[in-house]
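> Just dropping this structure here.
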Amino acid sequence: MAVTVDNTDDLTRAPGASVTPDTLPNDLDITDLVVGGGTEAGPRDTVQVQYQGIRVSDSGEFDSSWGRGGQPVEFPLNGVIDGFKLGISGMREGGRRVLVVPPHQGYGDRGVPPVIPANAHLVFVVDLVKVN
């Protein structure tokens, strides 16, 4: 699978990612575009992130903090899908990371109709703004 990110390193702008599906991973795939230098996120931390979420099936964006005014969102990592929790854990503030999340680490066979179909592979481009 190929993920193209138009803006790889300017964390003040949306990443502009797109997906070309071919071989889909069975487990979480993590690629750092920018390695941050700040505090490292742990699996029980609360984080502030900017993100773009894309369905692999049609390359459609299903959610984006950038599209809602560009303000970071805050959440505890122990309250999100496994792909987000595992994919952000170990990331450092100031980093930008691509997460390819298989269904069993995302929304599984239930999906989030009508936005995310059942058994969907998802791609997230995540900027770690702050670890609280």
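> For the stretch 9-79, what does the convex hull of the Cα positions come to per residue, in cubic angstrom? Display every interim value, and only then the final one.
Working: hull volume 9.2 nm³, N = 71.
Output value, Cα hull per residue: 129 Å³.
> How much FRET efficiency would the formula 1/(1 + (r/R0)^6) give for residue 78 and residue 2, where r is the Cβ-Cβ distance and R0 is 22 Å, rounded to 0.05?
Values: r = 32 Å, r/R0 = 1.43.
Approximately 0.10, to the nearest 0.05.
> Considering only 95, 76, 21, whose Cα is most displaced toward the positive end of the charge dipole of the chain, charges sitting on Cβ of Lys, Arg (+1) and Asp, Glu (-1)?
76
> Once you keep just the Cα pairs under 8 angstrom separated by 6 or more residues, what percentage relative contact order results for the chain? Could you put the intermediate results ahead of the total?
Values: 327 pairs, mean separation 41.3, N = 132.
Rounded, it is 31 percent for the chain.
> Which semi-axis lengths, in whole Å and largest first, follow from the square roots of five times the eigenvalues of the Cα gyration tensor of the chain? Kindly include the intermediate steps, with their values, before the conclusion.
Working: eigenvalues 91, 54, 38 Å².
Those come to 21, 16, 14 Å.
> What are the ³J(HN,Hα) values, in whole Hz, obtained from phi via the Karplus relation 6.51 cos²θ - 1.76 cosθ + 1.60 with θ = phi - 60°, for each residue of the stretch 68-78 in sequence order, with x given for Gly and Pro?
10, x, x, 9, x, 10, 10, 7, x, 5, 7
> A further question on this structure: Hey, in the GNM for the chain with a 10 angstrom Cα cutoff, which one of 29, 58, 45 fluctuates hardest?
58
> How do 92, 68 stack up against each other in accessible area, from largest to smallest, with a 1.4 angstrom probe? Present the calculation step by step, with values, prior to reporting the outcome.
Values: 92 95, 68 125 Å².
Accessible-area ranking of 92, 68, largest first: 68, 92.
> Using θ = phi - 60° and the Karplus form 6.51 cos²θ - 1.76 cosθ + 1.60, what ³J(HN,Hα) does each residue of the stretch 52-66 get, whole Hz, x for Gly and Pro?
Values per residue, Gly and Pro as x: 10, x, 10, 6, 5, 4, 9, 6, x, 6, 9, 6, 6, 5, 4 Hz.
> While we're on this one: Say a paramagnetic label sat at a point 7 Å from the Cα of residue 32, along Cα to Cβ; which residues of the stretch 97-120 have their backbone N under 17 Å from it?
97-100
The values are calculated or read from the model by the stated rules, or taken from the named source; none is laboratory data. Note that the coordinates shown come from a computational prediction; the quantities given were computed from them, not determined experimentally. All Cβ positions, even for glycine, are placed from backbone atoms using ideal geometry, and neighbour counts span all protein chains on display. Side chains included, ligands, DNA and RNA excluded: accessible areas come from the protein's heavy atoms. Shrake-Rupley method; radii C 1.70, N 1.55, O 1.52, S 1.80 Å.
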